[in-house]
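As structure tokens, the structure follows; a few thoughts come after it.
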Amino acid sequence: MNTIFKGDSINKGARILANMIKDSGITVILTGAGMDTESNIPDFRGRDGWWKNIDPRQVASIYTFDRDYPLFHEFYSMRIKILEGVEPHEGHYILADLEKKGLIDSIATQNVSGLHSRAGSNNVYELHGNIRTIRCNQCNNEGKLEDFLAGKDCSFCNNKALRPNVVLFGEALPMDAWSRAEEDIKKSQLLIIIGTSLEVYPVSYLPILTKGKIVLINNEDVNANYEFDIKLIGKAGEILKELDKYIA
Ligand code: APR
């Protein structure tokens with residue numbers, strides 16, 4: 001189909017998507033940073049994204065962690081501090097409500113903010129980890145967020161190796177989250193992809209696994225090597241609010 005809805009036709013697209021959700025037995029949501037920008041968290045490749053001015057492999061790789069800990073620490077401390085006072089927006093709550101109504105089964109997210117869980121979603125697979133929890137890269141013991149921010153050494157092994165539990169470039173994804181997302185998407189009759197450029201492997205590969213319909217909600221069109229049944233081009237929060245009118 002690959003029908004695109006935007007501007008005045010968003011309303012019609014939202015109505016069609018609501019019917020697709022009601023007709024679907026298993027619906028999975030896949031989100032990226034575009035799901036969090038309306039909570040004032042920058043995305044990465046959008047107009048004002050992190051990677052517009054910073055080379056990700058310079059600051060967000062295991063190489064940087066090993067070779068330039070002060071730079072790594074500065075970048076992640078800044079990203080953690082940005083989260084202070086950040087709250088889920090209405091779109092997060094609508095997705096949590098759809099789960100409560102039994103209309104969506106799970107959310108696989110690339111986001112490390114924890115906002116889906118904070119909005120009340122239970123089945124959330126954090127494919128790129130969570131920035132709010134800390135561990136020691138040397139002894140793998142849990143660390144305190146305040147100790148990481150203060151640049152302290154690990155209190156167990158005394159190494160300067162505290163880091164957030166996020167997946168760095170060059171690291172493997174968490175197996176449990178990945179396998180559960182893979183399993184759900186394989187079973188899904190509807191996969192709704194929200195707020196991601198689909199530029200980062202292996203998450204960009206996940207949608208190929210579904211035998212069901214694929215829908216995109218994004219504020220710009222994306223290139224993918226698979227077909228979308230419909231695309232709703234616009235802000236995630238606004239489109240989810242429109243969708244909610246036809247679900248209630
Ligand atoms: N509503 C809808 N779409 C939006 C919104 C919004 N309010 N804000 C931004 N977008 C779109 C952007 O236009 C872009 O297409 O969301 C997409 C976000 O893409 P990226 O910034 O590439 O983020 P993401 O796809 O999640 O990146 C994947 O890359 O750097 C790594 O680990 C990082 O998890 C991240 C991964």
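The values are calculated or read from the model by the stated rules, or taken from the named source; none is laboratory data. Values in this document were obtained by computation on a predicted structure and should not be read as measured data. Please note: Cβ atoms are built from the backbone with ideal geometry, for glycine as well, and neighbour counts cover all protein chains shown.
Worth a mention:
- Total residues in region 227-243, condition more than 8 Å from the ligand (Cβ to nearest atom) and under 15 Å from residue 4 (Cα atoms): 7
- Selection status of residue 172, modelled with pLDDT of 95 or more and among the hydrophobic types (A, V, I, L, M, F, W, C): yes
- Test set (1) in the same structural domain as residue 148 (by TED's automatic domain parsing); (2) of a type in the set (Ser, Thr, Tyr); (3) closer than 21 Å to residue 185 by Cβ - residue 63 fails condition number: (3)
- Residue match in region 192-215 (condition: acidic (Asp, Glu), touching a Lys or Arg at 6+ places or on another chain (Cβ under 6 Å) and in the same structural domain as residue 6 (by TED's automatic domain parsing)): no
Let's see how each residue does on (1) away from the ligand (no atom under 11 Å from the Cβ); (2) among the β-branched types (Val, Ile, Thr):
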| site | (1), (2) |
| --- | --- |
| 3 | yes, yes |
| 6 | yes, no |
| 33 | no, no |
| 45 | no, no |
| 77 | yes, no |
| 95 | yes, no |
| 105 | yes, no |
| 108 | yes, no |
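- Single condition residue 122 does not satisfy, out of (1) more than 24 Å from residue 168 (Cα to Cα); (2) among the polar types (S, T, N, Q); (3) outside the structural domain of residue 247 (by TED's automatic domain parsing): (3)
- Only listed residue being buried (at least 18 other Cβ atoms within 10 Å of the Cβ), under 15 Å from the mean Cα position of the chain (by Cα) and not assigned by TED's automatic domain parsing to the domain that holds residue 242, chosen from 114, 34, 46: 46
- Inter-residue pairs, beta-carbon under 7 Å, first without any contact (Cβ under 8 Å) to a residue 60 or more places away in the chain and in region 72-90, second part of a helix (DSSP H, G or I), 6+ apart: 75/59; 86/39; 87/39; 88/39; 88/115; 88/118
- Positions within region 16-30 being β-branched (Val, Ile, Thr) and either surrounded by 22 or more Cβ atoms within 10 Å (Cβ to Cβ) or under 23 Å from the mean Cα position of the chain (by Cα) (or both), in sequence order: 21, 26, 27, 28, 29
- For first residues located in region 219-248 and modelled with pLDDT under 95, partners that are in a loop (DSSP other than H, G, I, E, B) and lie 6+ apart or on another chain with Cβ distances below 6 Å form the pairs 222/197; 222/198; 224/198; 227/2.
- Each residue in region 225-234 was checked for being assigned to a loop (DSSP other than H, G, I, E, B) and buried (at least 18 other Cβ atoms within 10 Å of the Cβ), and 2 pass.
- Residue that is nearest to residue 237 (Cα to Cα), among those in region 47-75 that are away from the ligand (no atom under 12 Å from the Cβ) and acidic (Asp, Glu): 74
- Being among the polar types (S, T, N, Q) and within 18 Å of residue 84 (Cα to Cα) holds for only one residue in 165, 137, 141, 159, and it is 165.
- Residues satisfying the stated conditions in region 1-15, i.e. surrounded by fewer than 18 Cβ atoms within 10 Å (Cβ to Cβ) and closer than 21 Å to residue 226 by Cα: 1, 2, 3, 4, 6
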